[in-house]
2 protein chains.
Amino acid sequence: MVYTSRYPFFYVTVDIVILTIREDALAALVVQRGEEPFAGRWALPGGFVDPDEDLLEAAVRELREETAVATGDVRLEQLASFGAPGRDPRHRVVSVAWLAVLPHGPEPRAGSDAAGAEWKPVDFLLGEGRLAFDHAEILGEGVERARAKLEYTGLATEFVDDEFTVAELRRVYEVMWGHRLDPGNFHRKVTRTPGFLERVGRAVTRGPGRPAELFRFGGAEVLHPPLTRSTFG
Amino acid sequence: MVYTSRYPFFYVTVDIVILTIREDALAALVVQRGEEPFAGRWALPGGFVDPDEDLLEAAVRELREETAVATGDVRLEQLASFGAPGRDPRHRVVSVAWLAVLPHGPEPRAGSDAAGAEWKPVDFLLGEGRLAFDHAEILGEGVERARAKLEYTGLATEFVDDEFTVAELRRVYEVMWGHRLDPGNFHRKVTRTPGFLERVGRAVTRGPGRPAELFRFGGAEVLHPPLTRSTFG
């Protein structure tokens, strides 16, 4: 490989699909663009990779700048890179996209880059003409990755607090998969999946009814057997 | 996002982890570097993204230039991007890595870019100081992705011919997982996994013993239940 100037220069950015569940809907954090191209449209949080920065470092920095969360608690997973010619009308730009899941969608931190950031329902954002650049494609891939990972990993537990009830966990699956799940069947499945849930040893009363037992994530890297959509069909 | 020259320019390359099974070992296609840096070391096939080329197009072109296979039959899956500062001592280079699996490791095409390409066992290549740049990390991720996908997708069928015996398929799992599997148990599991295998309706005699039935991939997107390593434990 010879590096000469006959090869094009690129800008490299990171864009982050930050998902949460708010008001019983899957939502993503977005910022409204103030300038052309795509002025007025929504865009995923992101920005340029700095000269001495690794790709993950850049994603962590952007996440910190644009949300109120302590990034130490958040797992960033590389989603994919997007580099079609013309995806930015001005330059050749490759975006390395990342996926993060937050519990409850904390308010974006005022005074930061993200002063204009908002949580918007994913269904709204994926509507025609709402997102800038190819961000609808990136968001779509992020949502699909999260949906798939609910089946075979403990990702659902990242949408809830460290300690949660089975009903709260079920709500994550219901929102992500778009349909109700039988509570008894769900409870049996998740509490019998090795390494998925760990009993905290306390119960809470949330709303009417009996107190509900609290669980935390049991640390399993993969769920065996997986919690497939067809399992509950 | 404002694009100004205070952001660094990057070169963008594609590198391809091309895996096959040869002589009962997992092997990857590599080229020997003729010049510094890393002269004499092995490197994954790859190169610069052209000015008007999408990332996938670049990977398909490199695969075609460096192997003898008809790329129409090969699925290229994006693996991850690697962009640590200093991964190339000369420039800031982001590599978008791809994964491809080929049956039998066809001989690299003479006269092409890949005249010097060779199949080398993955265990050899992952040894200290064998691969240039961060290609050991990239290869390691490619192998891990392939190993994981054997469990829940039909990826194993890409290592064999379009029509194959269950023993040939078992050999793929044995090589990838590094241990023998009980033939009867394996046969039962794979033929009962919905959509994994489809009967061709013919049998072949390969070596001593009874003729073995031929199968082709049944097209399932995911294997339910998955063929986990622990399934055979």
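The residues of the stretch B:41-94 that are among the β-branched types (Val, Ile, Thr) and within 25 Å of A:Ala59 (Cα to Cα), listed by number, are B:Val49, B:Val93, B:Val94. Exactly one residue out of B:Thr153, B:Thr165 is open to solvent by less than 50 Å² (accessible area, probe 1.4 Å), closer than 30 Å to B:Ala212 by Cα and more than 14 Å from every other protein chain (Cβ to nearest Cβ): that is B:Thr165. Just to be sure before I move on: is B:Glu144 out of contact with any helix residue (DSSP H, G or I) (no Cβ under 6 Å at 6 or more places or on another chain) and closer than 30 Å to B:Arg33 by Cβ in the structure I sent? Here the answer is yes, as B:Glu144 does meet what is asked.
Matching residues to (1) in a helix (DSSP H, G or I); (2) touching an Asp or Glu at 6+ places or on another chain (Cβ under 7 Å):
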site	(1), (2)
B:Asp50	no, no
B:Glu53	no, no
B:Glu57	yes, no
B:Ser81	no, no
B:Gly86	no, no
B:Ser95	no, yes
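Contact map, the stretch A:162-181: residues that are under 15 Å from A:Leu150 (Cβ atoms) paired with residues that are buried (at least 19 other Cβ atoms within 10 Å of the Cβ) and of a type in the set (D, E, K, R), Cβ distance under 6 Å, separation 6+ or inter-chain. Pairs shown: A:Leu181/A:Arg170. Taking the conditions (1) touching a His at 6+ places or on another chain (Cβ under 8 Å); (2) closer than 20 Å to B:Leu99 by Cα in turn, B:Ile16 satisfies each one other than (1). In this structure, is A:Phe9 on the phi > 0 side of the Ramachandran plot, modelled with pLDDT under 95 and out of contact with any Leu (no Cβ under 7 Å at 6 or more places or on another chain)? When the stated conditions are applied, A:Phe9 does not pass them. Evaluation of B:Leu26 against the conditions (1) modelled with pLDDT of 95 or more; (2) crowded, with 22+ Cβ neighbours inside 10 Å; (3) of a type in the set (A, V, I, L, M) shows that the sole unmet condition is (2).
The residue pairs whose first member lies in the stretch A:215-233 and is facing chain B (nearest Cβ under 9 Å) and within 11 Å of B:His224 (Cβ to Cβ), whose second member is modelled with pLDDT of 80 or more and not in a loop (DSSP other than H, G, I, E, B), and whose beta carbons are closer than 6 Å, counting only pairs six or more residues apart or on different chains, are A:Pro226/A:Glu151; A:Pro226/A:Tyr152; A:Thr228/A:Glu151. Against the numbered list (1) within 14 Å of chain A (Cβ to nearest Cβ); (2) more than 19 Å from A:Tyr7 (Cβ to Cβ); (3) charged (D, E, K, R), B:Glu36 comes up short only at (2).
Within the stretch B:7-19, residues that are open to solvent by 10 Å² or more (accessible area, probe 1.4 Å) sit with their Cβ atoms under 9 Å from residues that are assigned to a loop (DSSP other than H, G, I, E, B) and hydrophobic (A, V, I, L, M, F, W, C), at 6+ positions apart or across chains, in these pairs: B:Tyr7/A:Val49; B:Pro8/A:Val49; B:Phe9/A:Phe9; B:Tyr11/A:Phe9; B:Tyr11/B:Val49.
Every test in (1) within 15 Å of the chain's Cα centre (by Cα); (2) of a type in the set (S, T, N, Q); (3) modelled with pLDDT of 95 or more is passed by B:Ser95 save one, and that test is (1). Looking only at the stretch A:44-68, count how many residues are over 13 Å from the mean Cα position of the chain (by Cα), more than 10 Å from chain B (Cβ to nearest Cβ) and among the β-branched types (Val, Ile, Thr). Residues in the stretch A:44-68 being over 13 Å from the mean Cα position of the chain (by Cα), more than 10 Å from chain B (Cβ to nearest Cβ) and among the β-branched types (Val, Ile, Thr): 1 in total. Screening A:Arg210 with (1) in contact (Cβ under 8 Å) with a residue 12 or more places away in the chain; (2) in a loop (DSSP other than H, G, I, E, B); (3) charged (D, E, K, R); (4) out of contact with any Lys or Arg (no Cβ under 7 Å at 6 or more places or on another chain) gives one miss only, at (1).
Being at pLDDT 95 or above and more than 23 Å from A:Thr205 (Cα to Cα) is the requirement here; does A:Phe159 meet it? No; evaluated as a whole, the condition is false for this residue.
The values are calculated or read from the model by the stated rules, or taken from the named source; none is laboratory data. Bear in mind the structure is a predicted one, so any value in this text is a computation, not a measurement. For neighbour counting, all protein chains shown are included, and Cβ atoms are generated from backbone atoms with ideal geometry for every residue, glycine included. In case anyone asks, the SASA skips ligands and DNA or RNA and just uses the protein heavy atoms, side chains included. Shrake-Rupley method; radii C 1.70, N 1.55, O 1.52, S 1.80 Å.
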